[in-house]
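A short worksheet on the structure shown next.
The values are calculated or read from the model by the stated rules, or taken from the named source; none is laboratory data. Here the structure is a predicted model, which means the values were calculated and not measured. Positions of Cβ are backbone-derived with ideal geometry, glycine not excepted, and every protein chain shown enters the neighbour counts.
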Amino acid sequence: MAYEIDLKRFTQLIHSTFPSGVVSDWKGSIVSAMTIYLRSIPHQRCLTHVVREAKRYLPKYSPFEATRELRHIARSLIHIKTKQEKWRWMGQLIRWEHIFGHMLKERTKGGDTKKKWWYTHGNIRAGWRLLTQTYDPFFEYLNHPYIPHSINSLEGVNSQIKTKLANHRGMKTKQQVSFLFWYLTFTRATSKQDLKKLWDRWKLMKKSDSATIYVT
């Protein structure tokens, strides 16, 4: 609910100037708020979070080859840079299902327990659903090159942002929004190539009045 309130206030501040994209960890409240307020813009799911969650389901030293293979596929997700690589990655999922798909349906009978049965390989099923249930948001960055595929680089800057805002308590809300946008923008520009991309993007923004939001 807090995300929805903050995003509603944000959309009121920017009025008709919509961002060109959003990157988030795909929490339910964020997805819901985006659907309500910013439905028309691309919403990239953070691939670092996806891989991290997949690793929890698929341990590195599992005795099952299926688990180790699916973990390897999940880890490669973060390295996809082209649409061709995307299709090859999806082909790996199809191949995995062809070889190990039967494990997704295996059941264990409950015997004397209260549950009559359960899926034998629950973690494999969870990892498989994570990678296949809604994979379209994984690849928005391939169609929109100015949207990154991860918010990992921003997770450590929240405390810095709080300090910066505390040092400038006199700023009004609109000024804070503008300050944070440019602060996050320039802290990500670490090379001349980044600065050139930033300058090119700024010129496009002047035409379309758009920007990219990062939601953590």
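Give region 37-46 a look and list any residue that's modelled with pLDDT under 90 and either charged (D, E, K, R) or in contact with a Lys or Arg (Cβ under 8 Å, 6 or more places away or on another chain) (or both), or say none.
Answer for region 37-46, where residues must be modelled with pLDDT under 90 and either charged (D, E, K, R) or in contact with a Lys or Arg (Cβ under 8 Å, 6 or more places away or on another chain) (or both): Tyr37, Arg39.
If you go through region 102-119, how many residues are surrounded by 15 or more Cβ atoms within 10 Å (Cβ to Cβ) and among the aromatic types (Phe, Trp, Tyr)?
Initially, region 102-119 is screened for residues surrounded by 15 or more Cβ atoms within 10 Å (Cβ to Cβ), giving 103-104, 119.
Then drop every residue that is not among the aromatic types (Phe, Trp, Tyr), which leaves 119.
Total meeting the criteria: 1.
Which of the residues spanning region 1-35 are among the aromatic types (Phe, Trp, Tyr) and modelled with pLDDT of 85 or more?
Hit for region 1-35 is Trp26, nothing else.
Give the number of residues within region 121-156 that are surrounded by 15 or more Cβ atoms within 10 Å (Cβ to Cβ) and farther than 20 Å from Gly21 by Cα.
9
May I ask you to verify whether Lys197 is among the charged types (D, E, K, R) and either surrounded by 12 or more Cβ atoms within 10 Å (Cβ to Cβ) or closer than 13 Å to Gln44 by Cβ (or both)?
Against the criterion (among the charged types (D, E, K, R) and either surrounded by 12 or more Cβ atoms within 10 Å (Cβ to Cβ) or closer than 13 Å to Gln44 by Cβ (or both)), Lys197 qualifies.
Can you find a residue in region 116-136 that is free of Cβ contacts under 8 Å to residues at least 60 places away in the same chain, farther than 29 Å from Ser24 by Cβ and among the basic types (Lys, Arg)?
yes
Out of Ile78, Ile99, which single residue is loosely packed, with under 13 Cβ neighbours inside 10 Å and not assigned by TED's automatic domain parsing to the domain that holds Trp26?
Within the list Ile78, Ile99, the selection yields Ile99.
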